[in-house]
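Novice: Please see the structure below; I have some questions.
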Amino acid sequence: MLNYTLRRLLMVIPTLLILVVFAFYLMRLAPGGPFTSERPLPPAVMANVLERYGMDEPLHVQLWTYIRNILCCFDFGPSFAQKDRTVNDVIAQGFPVTLTYGFWSAVFVLLLGIPLGIVAALKHNGFWDYTMTGLAIFSQIFPNFVLAPILVLLFTLSWGLLPGGGWNGGQWQYVVMPAIALGTSYMASVARLTRGSMLEVLGSPYIRTARAKGLPERTVILRHALKPALLPTLTYMGPVFVYMITGSVFVDVFFSTGGIGQDFIDGAYSRDYSILLGLAILYAVLTFALTLMVDLLYAWIDPKVRAGLS
Amino acid sequence: MIGAAKRRLTSPAFAEDAAEEMVASRSFWADAGRRFLRNRMAVVSVGMLGLLILFALFGNLLARWTYEEIDWNLLGRIKEEGGPSLSNGHWFGVDELGRDLYARTVQGTRTSLMVGFVAGPVSVLLGATIGALAGYYGGRFDRTVLGAYTIWLAIPYIIFFVVWQAFFGRSLGQMILVIILVNWTAGLLIVRGQVMMLKNREFVDAARMLGMSDLQILARHLAPNILWVVVIYTSLVIPEVIMAESLVSFLGVGIQEPNTSLGALISAGAATMTFGTLWQLAFPAAVFVIAQVSLFYIGDGLRDALDPKER
Amino acid sequence: MLSVETLRIRFRTGDGLVHAVNDVSFRVGAGEKLAIVGESGSGKSQMALAVMGLLAKNAEAEGRVLWEGRDLLTLPPAEMNRIRAREIAIVFQDPMSSLNPYMRIERQLTEIVEQHEGLGRAAARARALEVMDAVRIPEARARLRAYPHELSGGMHQRIVIAMALMCRPKLILADEPTTALDVTVQAQIMQLLSEVQRDLGTSVVLITHDLGVVAGFCEEVIVLYGGRIMEQAATLPLFERPAHPYTRGLLRAVPNVEDPADELIAIPGSPPSQRAFPTRCPFAPRCVDAIESCRLTLPELTGGRACLRPVEELT
């Protein structure tokens with residue numbers, strides 16, 4: 001298991017390297033730059049600015065400097081567009097925000113999706129089952145960027161219950177809608193998936209064995225059925241986390257939370273190379289960490305997989 | 001739901017079911033057609049999508065304004081008089097700049113459908129081709145493709161998408177190109193699995209003994225047998241692509257103004273709804289929802305009709 | 001002890017009702033060994049599930065299944081749970097999938113006695129080791145820590161039998177306990193079952209499609225066809241003088257070791273559709289001795305056989 005984890009961690013290095021090199025050249029080879037504007041700077045000033053940011057050197061030297069600074073001092077460089085701020089500053093300010101509602105959103109997805117799926121499976125063809133099917137179709141049709149305006153329309157404009165945006169230090173009122181907007185469609189997928197696998201497990205021979213042992217139904221479900229029923233859901237959580245990271249960009253922009261998504265979009269507009277690279281690395285690391293976590297969790301639950309790893 | 005369908009498509013059990021199905025025969029498609037037509041929701045959805053395509057193609061004939069013209073009469077009084085109206089010819093009202101929302105919705109539908117129906121199939125074809133080659137030749141090529149696939153999946157596509165759009169311009173062509181580049185993995189795994197299953201069958205051996213080249217075998221013998229898988233997968237990818245385009249447009253790095261897409265219109269509508277101009281959100285959102293619903297049920301119907309396990 | 005009276009089991013399916021078991025009655029006394037023999041689809045497994053109260057949701061059971069005077073078909077779930085495994089245990093036909101792949105063997109064994117006898121972990125573990133010893137599982141201590149996928153098929157079946165024995169039940173229903181296993185392992189398992197039965201005095205209902213398995217094991221045999229009892233007799237007479245055309249057909253289809261020249265004859269045709277409750281002899285369409293009245297009337301079980309024609313007239 002440890003071996004496997006190490007191997008996976010080693011995979012991160014080439015991936016990140018490829019990402020950095022690829023993104024670096026892609027951005028640099030594109031026309032324009034952070035200091036191009038409507039009124040071009042005088043050549044002398046421009047040269048000065050470029051020298052200050054080390055951009056007068058050949059591209060591969062710049063790339064090497066960039067990577068070296070990250071490796072030696074965890075320094076992702078200064079922002080090009082935001083004066084006197086480093087990439088580290090920007091991330092330190094925005095990331096906790098995104099992480100906070102992202103965490104609550106994941107809690108929402110799991111704590112609502114899984115029980116809903118289980119209840120729907122146990123009351124197969126009952127009220128909750130139909131409710132859930134409806135919810136699943138609903139979330140298919142209303143992606144987060146349609147759902148979010150509707151939420152604001154209802155909770156802010158019509159009923160005045162929740163603020164329609166902002167962060168305010170992460171007070172709960174400001175976290176609710178971003179978390180729901182980010183999570184709803186995945187919550188529905190998780191519920192549907194859990195329902196399907198629960199139904200399958202409940203029909204399996206080993207559940208019949210468990211019932212034949214005279215265990216109460218509660219024990220049968222909690223001890224015997226729950227774990228295998230959750231495995232497909234768990235596999236799905238890897239991609240879900242990746243999608244949620246993607247979705248967080250939208251949520252940051254729409255709800256003006258001040259999270260890193262906004263910095264990313266702003267960075268794209270202003271050609272803020274270092275911000276873009278830094279955030280790209282952050283997103284990729286996050287993706288890696290979450291999928292690795294899910295895979296390890298899977299191995300921990302499924303003895304067959306665990307045996308395969310060691 | 002799309003997630004669940006995709007998982008089913010990539011499962012080993014499915015690969016076996018599918019490989020059992022020798023479908024180069026004509027009757028397979030006829031049977032599938034009949035099964036599809038029996039699915040009422042799917043047929044209705046085809047009708048709805050057809051109407052939507054007609055709307056995108058010919059909707060402009062009913063418009064009294066073009067999508068970039070500003071109705072100066074309404075400027076400054078949009079909240080009061082900019083709503084849907086039969087008298088001034090703005091069937092869906094006007095947007096926050098006084099442009100005709102009907103014409104803009106037609107234009108946005110056009111863009112979104114175009115992106116979906118061009119970028120979707122092309123990226124599946126690209127992924128399918130790579131997957132077929134990887135599955136057929138195996139070995140180092142296969143390992144390289146799989147490695148690239150794994151790495152690619154580890155990068156949230158939005159990074160690439162946003163950077164590309166912001167740096168290389170935001171024309172429709174660029175949009176389609178970047179979607180194809182982002183989605184090159186679509187359908188790769190499943191086609192690879194199918195080809196790996198099929199290439200050991202007798203009919204492939206027979207073709208090889210007849211002296212057919214690898215390419216001929218792939219094109220004439222394997223392609224017809226995996227076509228239906230590609231069809232199902234494409235039906236899943238098209239709504240996803242439309243969704244992705246809309247999301248990126250919503251973020252403001254989509255199609256360049258004055259051209260527009262459904263996502264951009266929804267975004268603009270959402271931004272102004274605080275001012276009480278709800279129609280600016282409602283019409284584009286409704287069209288978007290209709291498109292997604294019908295594409296969803298068509299995909300569902302295709303899956304029922306084509307997937308051997310669902311019958 | 002167990003008395004099944006005119007048991008009927010029906011399934012509601014997409015294409016209407018399926019009559020799986022029709023008016024079956026039999027009794028099993030203490031320490032007795034009964035075999036229920038039939039082709040697949042003859043409803044024999046469903047009878048075992050009905051006794052355990054484990055029929056699928058779309059099944060309906062009518063009649064009575066009396067266990068020490070109480071009707072198991074109408075027993076509330078909580079009381080039924082006290083009978084399962086503690087008084088009546090079942091060994092399912094597919095040992096590989098009958099064990100929970102996500103739980104250690106230990107837990108799957110100990111939970112039974114923890115549930116029924118309130119034993120603590122240590123005592124339950126001791127019992128598990130004892131029972132595993134009884135079913136000849138070597139290195140029982142190590143096996144306790146194992147997951148099912150780490151064990152062989154024969155070992156699976158031993159574990160499943162051990163499960164059934166955990167509470168020393170009065171009756172064991174063994175549903176095709178050997179079909180999934182290699183021939184050599186089959187013999188070992190049957191040997192094991194009969195020893196356990198002898199040592200503990202447990203009653204056994206052996207459900208099988210294989211008359212060969214029955215011969216050395218059971219005292220009494222019920223032959224089932226189309227969900228009805230065709231013949232019911234003590235084992236020896238049944239093998240020596242089968243009194244029903246179907247039983248005769250079955251015996252002809254069993255290879256005779258002593259006389260290899262003996263021709264094997266398959267029964268022509270296939271099992272009946274069970275869409276309707278039978279109104280005529282279900283075996284008539286495949287029966288070599290069928291006469292006109294066989295196709296019109298339903299024979300009752302009299303004198304251990306359900307056949308309209310006298311024994312002497314059979315071919």
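Novice: Could you please let me know if C:V65 is farther than 30 Å from C:P138 by Cα, in contact with a helix residue (DSSP H, G or I) (Cβ under 8 Å, 6 or more places away or on another chain), more than 9 Å from every other protein chain (Cβ to nearest Cβ) and part of a helix (DSSP H, G or I)?
Specialist: On the way: farther than 30 Å from C:P138 by Cα: yes; in contact with a helix residue (DSSP H, G or I) (Cβ under 8 Å, 6 or more places away or on another chain): yes; more than 9 Å from every other protein chain (Cβ to nearest Cβ): yes; part of a helix (DSSP H, G or I): no.
Here the answer is no, as C:V65 does not meet what is asked.
Novice: Across segment C:68-92, what is the number of residues that are among the aliphatic types (A, V, I, L, M), in contact (Cβ under 8 Å) with a residue 24 or more places away in the chain and either outside any helix (DSSP H, G or I) or facing chain A (nearest Cβ under 7 Å) (or both)?
Specialist: Going residue by residue through segment C:68-92, those that are among the aliphatic types (A, V, I, L, M) are C:72-73, C:75, C:78, C:80, C:83, C:85, C:88-91.
Right, trim to in contact (Cβ under 8 Å) with a residue 24 or more places away in the chain and you get C:80, C:85, C:88-91.
Going one step further and asking which of them are either outside any helix (DSSP H, G or I) or facing chain A (nearest Cβ under 7 Å) (or both), we end up with C:85, C:88-91.
Qualifying residue count, segment C:68-92: 5.
Novice: Before we move on, is C:G201 surrounded by fewer than 19 Cβ atoms within 10 Å (Cβ to Cβ), over 30 Å from C:L308 (Cβ atoms), outside the structural domain of C:C287 (by TED's automatic domain parsing) and touching a residue at least 40 places away in the same chain (Cβ under 8 Å)?
Specialist: Details: surrounded by fewer than 19 Cβ atoms within 10 Å (Cβ to Cβ): yes; over 30 Å from C:L308 (Cβ atoms): yes; outside the structural domain of C:C287 (by TED's automatic domain parsing): no; touching a residue at least 40 places away in the same chain (Cβ under 8 Å): yes.
When the stated conditions are applied, C:G201 does not pass them.
Novice: With the condition kept exactly as written, say whether any residue in segment B:95-106 is small (G, A, S) and away from every other protein chain (no Cβ under 14 Å). It would help to see each step written out before you state the result.
Specialist: Restricting attention to segment B:95-106, the residues satisfying the condition of being small (G, A, S) are B:98, B:103.
Next, only the ones that are away from every other protein chain (no Cβ under 14 Å) stay: B:98, B:103.
Among the residues of segment B:95-106, at least one is small (G, A, S) and away from every other protein chain (no Cβ under 14 Å), which makes the answer yes.
Novice: Still on this structure, I have one more. Would you pick out the residues in segment B:39-77 that are in contact with a Phe, Trp or Tyr (Cβ under 6 Å, 6 or more places away or on another chain) and assigned to a loop (DSSP other than H, G, I, E, B)?
Specialist: Keep residues of segment B:39-77 that are in contact with a Phe, Trp or Tyr (Cβ under 6 Å, 6 or more places away or on another chain), which gives B:41-42, B:45, B:63.
The one that is in contact with a Phe, Trp or Tyr (Cβ under 6 Å, 6 or more places away or on another chain) and assigned to a loop (DSSP other than H, G, I, E, B): B:A63.
Novice: Would you tally the residues in segment B:78-127 being in a helix (DSSP H, G or I) and closer than 24 Å to B:A291 by Cβ?
Specialist: Going through segment B:78-127 one residue at a time, the tally reaches 27.
Novice: Select from segment B:168-218 the residues that are polar (S, T, N, Q) and outside any loop (DSSP other than H, G, I, E, B) and write down the one among them that is farthest from B:G131 (Cα to Cα). Even if it seems obvious, please write down each step before you answer.
Specialist: First, the residues of segment B:168-218 that are polar (S, T, N, Q): B:171, B:174, B:183, B:185, B:194, B:200, B:213, B:216.
From what is left, the residues that are outside any loop (DSSP other than H, G, I, E, B) are B:174, B:194, B:216.
Numbers: B:Q174: 25, B:Q194: 9, B:Q216: 16 Å.
For segment B:168-218, the residue satisfying everything is B:Q174.
Novice: For segment A:198-236, how many residues meet the condition of being in a helix (DSSP H, G or I) and free of Cβ contacts under 8 Å to residues at least 60 places away in the same chain?
Specialist: Filtering segment A:198-236 down to residues in a helix (DSSP H, G or I) leaves A:198-202, A:205-212, A:217-236.
Restricting the remaining residues to those that are free of Cβ contacts under 8 Å to residues at least 60 places away in the same chain gives A:200-201, A:205-212, A:217-220, A:222-225, A:228, A:232, A:236.
Here the count works out to 21.
Novice: A further question on this structure: Scan segment C:1-25 and report the pairs whose first residue is closer than 19 Å to C:F283 by Cα and whose second residue is of a type in the set (F, W, Y) and at pLDDT 85 or above, with Cβ atoms within less than 8 Å and a gap of 6+ or a chain change.
Specialist: From residues that are closer than 19 Å to C:F283 by Cα, the pairs are C:V18/C:F11; C:A20/C:F11.
Novice: While we're on this one: Filter segment C:26-64 down to residues that are touching a residue at least 60 places away in the same chain (Cβ under 8 Å), polar (S, T, N, Q) and buried (at least 19 other Cβ atoms within 10 Å of the Cβ), then give me how many there are.
Specialist: The first filter runs over segment C:26-64 and keeps only residues touching a residue at least 60 places away in the same chain (Cβ under 8 Å), leaving C:26, C:28-45, C:47-48, C:51-52, C:64.
Checking the rest, the ones that are also polar (S, T, N, Q) come to C:40, C:42, C:45.
If we keep only those that are buried (at least 19 other Cβ atoms within 10 Å of the Cβ) as well, we get C:42, C:45.
Number of matching residues: 2.
Novice: A further question on this structure: In segment C:93-110, what residues are at pLDDT 90 or above, under 29 Å from C:V28 (Cα atoms) and facing chain A (nearest Cβ under 7 Å)?
Specialist: Listed by number, the residues that qualify are C:S98, C:L99.
Novice: State whether one or more residues within segment B:197-206 are away from every other protein chain (no Cβ under 12 Å) and either touching a strand residue (DSSP E or B) at 6+ places or on another chain (Cβ under 7 Å) or under 30 Å from A:V253 (Cα atoms) (or both). Break it down stepwise before answering.
Specialist: Going through segment B:197-206, the residues away from every other protein chain (no Cβ under 12 Å) turn out to be B:197-206.
Restricting the remaining residues to those that are either touching a strand residue (DSSP E or B) at 6+ places or on another chain (Cβ under 7 Å) or under 30 Å from A:V253 (Cα atoms) (or both) gives none.
Scanning segment B:197-206 turns up no residue that is away from every other protein chain (no Cβ under 12 Å) and either touching a strand residue (DSSP E or B) at 6+ places or on another chain (Cβ under 7 Å) or under 30 Å from A:V253 (Cα atoms) (or both).
Novice: Among the residues of segment C:112-130, what is the count of those that are surrounded by fewer than 22 Cβ atoms within 10 Å (Cβ to Cβ) and facing chain A (nearest Cβ under 8 Å)?
Specialist: Here the count works out to 1.
Novice: Moving to a separate point now. For the subset of segment B:239-266 comprising residues that are assigned to a loop (DSSP other than H, G, I, E, B) and of a type outside the set (A, V, I, L, M, F, W, C), which member is nearest to the chain's Cα centre (by Cα)?
Specialist: B:S261
Novice: Go through (1) within 12 Å of another protein chain (Cβ to nearest Cβ); (2) within 29 Å of B:A285 (Cβ to Cβ); (3) touching a residue at least 12 places away in the same chain (Cβ under 8 Å) and name the single condition A:H124 misses.
Specialist: It is condition (2) that A:H124 fails.
Novice: Out of the residues in segment A:192-232 that are more than 10 Å from chain C (Cβ to nearest Cβ) and among the charged types (D, E, K, R), which is surrounded by the fewest Cβ atoms within 10 Å (Cβ to Cβ)?
Specialist: A:R218
The values are calculated or read from the model by the stated rules, or taken from the named source; none is laboratory data. Computed from a predicted model, the values in this text were never measured in an experiment. Here the Cβ is made from the backbone with ideal geometry for all residues, glycine too, and neighbour counts use every protein chain on show.
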